[in-house]
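Taking it in order: structure first as structure tokens, then the write-up.
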Amino acid sequence: MKSIAQQHFERIFDVFWSVLILLGVTLGAVYIPLRLVRNIDQSIFSYTIATSVTVLFVLDIGYNLYVALRRRHNTHRRDRQTALEQYARRRLVIDVLAALPLPTLLGGYSIFIIIRLVKMIRVRDIFTEWQRTALRYANVLRLLFLAYWLFVVAHWVACGWIYLHGAPEGIAFREYYIKALYWAVTTLATVGYGDITPKNDIEMMYAIFVMLLGMVTYGYVVGNIANLLANLDANRKRYYQQSEQISAFMNSRKIPHTLQRRISEYYAYYWERQVGQDESLILNHLPPRLRAEVMMFLRRDILSAAGIFGNADDDTLRDLAKELRPILFAPGDIICRLGEPGNSMYFINNGTLEVLDAEQRTIALLEEGDLFGEIALLLDQPRTATVRARDYCDVYSLEKQAFNSVLAHHPLFHQHIRTMAQERQNIESHDSLEQ
Ligand code: CMP
């Protein structure tokens, strides 16, 4: 069994190693095509780059084997061999090919050196892994992945152009490269200003190929980005869809304007407070224990604001958090009506409510952190007052059955709520005696 510190260290090291490999692979992806089109002598610089990348890729094989072995210890018997087998079957050949010291074996840079670029497949694995482990940033990582590929493809296309076109004498390579990159981007984006044009058949064929490649890549990237942007704010999208539906409904049914305005205000508030986020839609996919933890996190504030749970143990709070249902009331809504039977009590998350007596006079105001509706449940009697929302109110309701089970398991809560109910009842009988 590994300690938490050890697991934490392993996670950090995994990220560090992935970044290092990403840098190594990118260096190769940029340098190898450049080196192939630019005829320069073997310099110390290029030798150092080639050697460092080779060393890094060799170490990566070792690291991948270690990770596969590490998984062996963490997983079930059935999965043990598969981690190693999977690596041997899927990636080992690619990793070995990429790690071969080709410049030394081939005695310089020849076209075969591009074999090394098979390691690019690791970039996809790294981004997929990051997306899986950092769900919060999954969309941003997808965008980065697309941008990365766009950059690499544009660079390769530019190098291909230089290879075919040949670098003219008298122009600095940097200047010529920028021109080629400009051609690559305009052709890939199928903009093609026509200021740099293919001069012979081969160049023309190459331009056709790049334009086709551009069409596919461009379509893929634009589609992905549009999808990503829509997903980034799925909630807003849902809100707009919903408000369009409501507006169509209100108009077709000729709902009066004042009522329409109230409905629109309700939806605007609903959206603004993010109450519209359907928690259950997301949470229902989680296992019960994890779901309870999330509920507890989301509702901890309201439960601790209610004060009476100050001494409650985590299990009780978790049980309670699970049972709370969020409801939004609009100004003027009546939540409890005097004399009617009651089936739930409420915790106020936000907003102000007024407690009214039989003559509709306000006898108390309830605010964030207060609870109400407990008397009917506790004493099994009709509602002792009417409770009305003054403004928009987010409240959590607790059903009778859940309320009883919390009382049974949490005597302190039982005692406190009983005292509170008695005090409130006394105030009311005192009020009625005074009249
Ligand atoms: P219940 O009788 O179930 O429904 C109406 C609720 O209003 C009641 O429970 C109390 O929670 C609340 N309530 C009644 N009287 C008062 C009061 N004087 N001050 C605050 N809250 C009250």
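The values are calculated or read from the model by the stated rules, or taken from the named source; none is laboratory data. Just so it is clear, the structure is predicted and the values come from calculations on it, not from any experiment. Note that each Cβ is placed from the backbone with ideal geometry, even for glycine, and that neighbours are counted across all protein chains shown. Protein only, heavy atoms only, side chains kept; ligands, DNA and RNA dropped before computing areas. Shrake-Rupley method; radii C 1.70, N 1.55, O 1.52, S 1.80 Å.
Inspect the range 202-210 for any residue being more than 20 Å from residue 37 (Cβ to Cβ) and open to solvent by 70 Å² or more (accessible area, probe 1.4 Å) and give the result as yes or no.
yes
Take the residues in the range 322-351 that are acidic (Asp, Glu) and over 34 Å from the mean Cα position of the chain (by Cα); name whichever of them is modelled with the lowest pLDDT.
333
List, please: which pairs have Cβ atoms under 9 Å, are six or more places apart or on different chains, and start with a residue in the range 169-183 that is closer than 18 Å to residue 195 by Cα and end with one that is exposed (fewer than 10 other Cβ atoms within 10 Å of the Cβ) and modelled with pLDDT under 90?
Pairs found: 176/168; 182/195; 183/195.
I'm checking my understanding of the structure. Among residues of the range 1-55 that are part of a helix (DSSP H, G or I) and of a type in the set (D, E, K, R), which one is modelled with the highest pLDDT?
14
Among the residues of the range 224-237, which ones are open to solvent by less than 50 Å² (accessible area, probe 1.4 Å) and either within 14 Å of residue 145 (Cα to Cα) or over 16 Å from the mean Cα position of the chain (by Cα) (or both)?
Scanning the range 224-237 gives 224, 228.
Tally time: how many residues in the range 382-403 are surrounded by fewer than 18 Cβ atoms within 10 Å (Cβ to Cβ) and under 17 Å from residue 321 (Cβ atoms)?
Matching residues across the range 382-403 total 2.
With respect to residue 403, is the statement that it is out of contact with any strand residue (DSSP E or B) (no Cβ under 9 Å at 6 or more places or on another chain), touching a residue at least 12 places away in the same chain (Cβ under 8 Å) and of a type in the set (Phe, Trp, Tyr) true?
So residue 403 fails the test.
Quick check on my filter: what residues within the range 352-380 are of a type in the set (Gly, Ala, Ser) and modelled with pLDDT of 90 or more?
Answer for the range 352-380, where residues must be of a type in the set (Gly, Ala, Ser) and modelled with pLDDT of 90 or more: 358, 364, 373, 376.
Quick test of your reading of the structure: residue 175 fulfils all but one of (1) closer than 30 Å to residue 139 by Cβ; (2) assigned to a helix (DSSP H, G or I). Name the failing condition by number.
(1)
Quickly run through the range 189-201 and pick out the residues that are among the small types (Gly, Ala, Ser) and surrounded by 11 or more Cβ atoms within 10 Å (Cβ to Cβ).
Selection gives 189, 192.
Give just the number: which of (1) under 30 Å from residue 140 (Cβ atoms); (2) open to solvent by 50 Å² or more (accessible area, probe 1.4 Å) does residue 221 not satisfy?
(2)
Considering only residues that are touching a Ser or Thr at 6+ places or on another chain (Cβ under 7 Å) and open to solvent by 40 Å² or more (accessible area, probe 1.4 Å), look in the range 346-381 and name the one that is nearest to the ligand (Cβ to nearest atom).
Per the criteria, the residue is 365.
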